[in-house]
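Contents: one structure, followed by commentary.
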Amino acid sequence: MTGPLVLETLGLTKSFPGVHALSNVDFRLYAGEVHTLMGQNGAGKSTLINVLTGVHSHDAGEIRVDGQPVRFAAPLEAEAAGIRTLYQEVNLCPNLSVAENIFAGRQPRRRGAIDWKAIHTGARAALAQLNLSLDVTQSLDTYPIAVQQMVAIARAVSVDARVLILDEPTSSLDDSEVAKLFEVLRKLKQSGIAILFVTHFLEQTYAISDRITVMRNGEREGEYLAKDLPVDELVRKMVGDVPVASERTRSALKGEAAATAAQHASPRFDMRGIGRRGAVQPIDLTLEPGRIVGLAGLLGSGRTETARLLFGADRADTGTITVDGKAVKLGSPRHAVMHGIGYCPEDRKKEGIVAALSIRENIILALQARLGWWRPLGRAKEKRIAEHYMKALGIRARDIEQPIELLSGGNQQKVVLARWLAIDPKMLILDEPTRGIDVAAKFEIMDRVMQLCAKGLGILLISSEIAEVLRVSDRIAVMRDRRKVAELSGDELDEHAVYRLIAGGQA
Amino acid sequence: MISRSFQAIARHPLLWPIVTLLLLFALDVAHRHDFLAITVLDGHFFGAPIDILNRAAPLVVVSLGMTLVIATRGIDISVGTVVAIAGATAAIVLADDPSRVGFALAAALGVGLLAGAWNGLLAAFVGMQPIIATLILMVAGRGVAQLLTGGQIIPIGARGYLRLGDGYVAMVPCAVWIALAAVIITSLLVNRTALGLLVRAIGVNPVAARLVGLRSSAIVFGVYVFCGLTAAIAGILTSSNVRSADGNNAGLLLELDAILAVTLGGTSLLGGRFSLMGTVLGALIIQTLTYTTYSIGVPPEATLVVKAIVVLVVSVIQSERARNLLAQFATRFAASSPATRARTEVQ
């Protein structure tokens, strides 16, 4: 089934100020194959893709298309060579129709005017190739994200595509949507398109890949046929020698947490009938010191909305919140912060990090906001705090003055976590703290979270990965259709039970 | 090493404002060799640089306020109007009783604070687009100024008040001292408190700033109030310098010069990073440019065109892309310099 070599790199090297993003990378992509690029955050996957698509130019080495050396100065040049890319977020215009999106920038014309008939039939044909039939005159935003993604694929492959690059296309899709996407990919593969796939999900890697290239620290660790590479081997190759905390220490931590929780002075947070029209049905939730409460549910089930109500990011129109029995008003994030609540939002880039500011400034931001502008911490103290957390959380960066936007996702998340630890919080709300983060960093972050919990912090954890929620939570509240449908604890904490509840069944 | 320092210089944010200013000076010196000469006349310094500083003073002060507003992703196009209102207010008080200079100053500054509070209320709490929010005062405020002055130019005769605009302290114009004090106080306010950090955080990512518990609205409000205050100070300086308050023309288009000064100084209109020093340089560039076009004899009807061309060139050179190109060029230049070549050969 594997066709000829389409795209190849030889000794590709690229550095950014202070970082070797890629060193000497050889990479091969064959027609009719799905080739998955695996690696931790900061391993160089994104840089490789950016070089292949003309976003960045390489410093040394060679890119070959069909054996001919090429150099892309701009994304348009790569596109002209038949290399199409789909990024994590759908890069289309939600307000335009499906057909317009597919033909934007290359509308067929008839006598100077746009030929709408040709656009609509062309769009239908392009979608039909992917076994999709949609009303192409509807605006794109009337369709779910997964369908939008298919439209993006249809756009990408509708004109002589040779290579399709998909950068974490599945991160906002649910399981059935992923299955549908994979169907489309298989079809494309059969038509001879070479597919380069980037994901963090191991199961998905094995479900779709023919070939896997593992990257580590900007180098190619190796290239393997998917069927020859067992999953544990893959993880080991990605992670290298970074120790991953064992299951035993985790349970030990949990036990410790239970022991210390009782004596700790952190308050109990009680939500009673907290709700907001159009967002969440009134919900009851209790958070105690030294306990992790997981919120499980699909995207759009009301998980994030609940967190935002608790944090005061949105105003609840019903219900009360009490802290140690005393009613409090959490009308704004500021109130919540004053009560010692910290919130790591789901969308790290848009709501978490302050991109152009340094690591130091990002870490002290919440603390400084609480102090007020007239009481500066002072450079020396800021430096001490930032360096302390950089070490304590293992944030990998050149120094504390590096802009946070240059860090990998996992390190950015640690900085956001450090920001809240710096205010000495009583409770933390973590919304998808490990999304888009590689396996090792995921374990690392969750281990920190459990350590914090062991020290008496109350934690509300939201995650799409049920396994992760199950592993660390003391209790799990399951959400479905904007309401809490069950709360499980102790022996009820079972994967199948959670899945059943999410899917709409009984516990 | 060499290329490193070349790069550092080529990328330094204040490089182009400084280069532009020096080029303008060079042009002036070429035209009039004693341009930089400062003499003592009537017991105080006298010369072109002093004159430029003196005339730039109101713009420098306003631009400080504008810098902070722009850093929060805002803009204040009403400052010119506030200059007129503040001058008119002072003139009215002084017309009543020329001895109440202190009260006149307080009234003018108070009006500035009030104007800033109005803008801040609309922009920070009502949530209007800053350009629209301040457009209201820009247009309506001009009417208020005209109403205050009755459409006339009100002469100011109070000695104490006039000293601010054309008096001297320690041989240097009062206006220059006031502008200098404003620069120092503002940079202390920004750098010695956490205000600078918080303003930048709001400018870079307002959503994240709110979610860390920052009182963004209060800070943004405060920044507009401060901007109103700086405009009032400029209004006092201007009216004192021309010895009158003119509701129609005082501070006309000053908002555009202030925005220009901020941009020339390297602060992005998208908010976030800002540079007070850059802004001061930007204001001085604008004033020097005006001086230069007059002194080298550009016909008055062409001065605005010349100004436009210089501004265009400086803005293009300052763009991220041009800066990167220049840095690359500097690297290549350094790489081909004799010292590096010698080193490569040794290897």
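The values are calculated or read from the model by the stated rules, or taken from the named source; none is laboratory data. The structure presented is a predicted model; accordingly, all values stated were derived computationally and were not measured. Every residue, glycine among them, receives a Cβ derived from its backbone with ideal geometry; neighbour counts consider all protein chains shown.
See the values below:
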{"quantity": "Top-ranked residue in segment A:367-381 [being assigned to a helix (DSSP H, G or I), touching a helix residue (DSSP H, G or I) at 6+ places or on another chain (Cβ under 8 Å) and not hydrophobic (A, V, I, L, M, F, W, C); ranked as farthest from A:ALA307 (Cα to Cα)]", "calculated": "A:GLN368"}
{"quantity": "Qualifying residue in segment B:192-199 (condition: closer than 28 Å to B:ASN241 by Cα and out of contact with any His (no Cβ under 8 Å at 6 or more places or on another chain))", "calculated": "no"}
{"quantity": "Options A:VAL323, A:VAL328: the member that is without any contact (Cβ under 8 Å) to a residue 40 or more places away in the chain, away from chain B (no Cβ under 14 Å) and farther than 18 Å from A:VAL469 by Cβ", "calculated": "A:VAL328"}
{"quantity": "B:ARG273 being among the basic types (Lys, Arg), within 14 Å of chain A (Cβ to nearest Cβ), surrounded by fewer than 22 Cβ atoms within 10 Å (Cβ to Cβ) and under 22 Å from B:VAL79 (Cβ atoms)", "calculated": "yes"}
{"quantity": "Segments classed as helices (runs of 4 or more DSSP H), wholly inside segment B:1-117, with at least 2 members that are surrounded by 23 or more Cβ atoms within 10 Å (Cβ to Cβ) and in contact with a strand residue (DSSP E or B) (Cβ under 7 Å, 6 or more places away or on another chain)", "calculated": "B:79-96"}
{"quantity": "Among the residues listed as A:ALA380, A:ALA418, the single one being among the aliphatic types (A, V, I, L, M), over 25 Å from A:ASP347 (Cα atoms) and modelled with pLDDT of 90 or more", "calculated": "A:ALA380"}
{"quantity": "Filter result for the condition that a residue is touching a residue at least 24 places away in the same chain (Cβ under 8 Å) and outside any helix (DSSP H, G or I), over B:GLY272, B:GLY282", "calculated": "B:GLY272"}
{"quantity": "Count of residues meeting criterion [at the interface with chain B (Cβ under 9 Å from one of its Cβ atoms) and either at positive phi or in a helix (DSSP H, G or I) (or both)] in segment A:350-366", "calculated": "8"}
{"quantity": "Within segment A:25-43, tally of residues that are at pLDDT 90 or above and in a strand (DSSP E or B)", "calculated": "10"}
{"quantity": "Unmet criterion (only one of (1) under 16 Å from the mean Cα position of the chain (by Cα); (2) buried (at least 20 other Cβ atoms within 10 Å of the Cβ); (3) not in a loop (DSSP other than H, G, I, E, B)) for B:GLY266", "calculated": "(3)"}
{"quantity": "Test for A:LEU185: is it assigned to a helix (DSSP H, G or I), over 20 Å from the mean Cα position of the chain (by Cα) and surrounded by fewer than 23 Cβ atoms within 10 Å (Cβ to Cβ)", "calculated": "yes"}
{"quantity": "Breaking point among (1) closer than 29 Å to A:PRO169 by Cα; (2) within 13 Å of chain B (Cβ to nearest Cβ), for A:GLU382", "calculated": "(1)"}
{"quantity": "Test result for B:ASP96, among the acidic types (Asp, Glu) and without any contact (Cβ under 8 Å) to a residue 60 or more places away in the chain", "calculated": "yes"}
{"quantity": "Sole residue being in contact (Cβ under 8 Å) with a residue 24 or more places away in the chain and touching a Ser or Thr at 6+ places or on another chain (Cβ under 6 Å), chosen from B:PRO155, B:PRO130, B:PRO173", "calculated": "B:PRO155"}
{"quantity": "The listed residue being surrounded by fewer than 22 Cβ atoms within 10 Å (Cβ to Cβ), farther than 26 Å from A:ASP174 by Cβ, under 19 Å from the mean Cα position of the chain (by Cα) and modelled with pLDDT of 85 or more, out of A:GLU387, A:GLU405, A:GLU401", "calculated": "A:GLU405"}
{"quantity": "Meets criteria (closer than 25 Å to A:PHE269 by Cβ, touching a Gly at 6+ places or on another chain (Cβ under 9 Å) and part of a helix (DSSP H, G or I)) for A:ALA336", "calculated": "yes"}
{"quantity": "Any chance B:ARG200 is among the basic types (Lys, Arg) and over 20 Å from the mean Cα position of the chain (by Cα)", "calculated": "no"}
{"quantity": "Segment A:334-349, residues that are under 20 Å from the mean Cα position of the chain (by Cα) and within 7 Å of chain B (Cβ to nearest Cβ)", "calculated": "A:TYR343, A:PRO345"}
{"quantity": "Residue match in segment A:393-408 (condition: part of a helix (DSSP H, G or I) and away from chain B (no Cβ under 12 Å))", "calculated": "yes"}
{"quantity": "Helices (runs of 4 or more DSSP H) completely within segment B:133-239 that count 2 or more residues being touching a Gly at 6+ places or on another chain (Cβ under 7 Å) and within 10 Å of another protein chain (Cβ to nearest Cβ)", "calculated": "B:195-204"}
{"quantity": "Among (1) modelled with pLDDT of 85 or more; (2) in contact with an Asp or Glu (Cβ under 7 Å, 6 or more places away or on another chain) - the single one A:PHE311 does not satisfy", "calculated": "(2)"}
{"quantity": "Meets criteria (within 14 Å of chain A (Cβ to nearest Cβ), part of a helix (DSSP H, G or I) and surrounded by fewer than 23 Cβ atoms within 10 Å (Cβ to Cβ)) for B:LEU122", "calculated": "no"}
{"quantity": "Selection from segment A:446-468 of residues that are part of a helix (DSSP H, G or I), modelled with pLDDT of 85 or more and β-branched (Val, Ile, Thr)", "calculated": "A:VAL449"}
{"quantity": "Qualifying helices (runs of 4 or more DSSP H) (wholly inside segment A:44-139; at least 3 residues being of a type in the set (S, T, N, Q))", "calculated": "A:45-52"}
{"quantity": "Test: residue in segment A:289-300 that is touching a residue at least 12 places away in the same chain (Cβ under 8 Å), within 13 Å of chain B (Cβ to nearest Cβ) and surrounded by 20 or more Cβ atoms within 10 Å (Cβ to Cβ)", "calculated": "no"}
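Per-residue answers, yes or no, for (1) surrounded by 13 or more Cβ atoms within 10 Å (Cβ to Cβ); (2) farther than 18 Å from A:LEU29 by Cα; (3) modelled with pLDDT of 85 or more:
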{"residue": "A:THR53", "(1), (2), (3)": "yes, no, yes"}
{"residue": "A:PRO69", "(1), (2), (3)": "no, no, yes"}
{"residue": "A:GLU77", "(1), (2), (3)": "yes, yes, yes"}
{"residue": "A:GLN107", "(1), (2), (3)": "yes, yes, no"}
{"residue": "A:ARG110", "(1), (2), (3)": "no, yes, no"}
{"residue": "A:ALA113", "(1), (2), (3)": "no, yes, yes"}
{"residue": "A:ALA118", "(1), (2), (3)": "yes, yes, yes"}
{"residue": "A:LEU127", "(1), (2), (3)": "yes, yes, yes"}
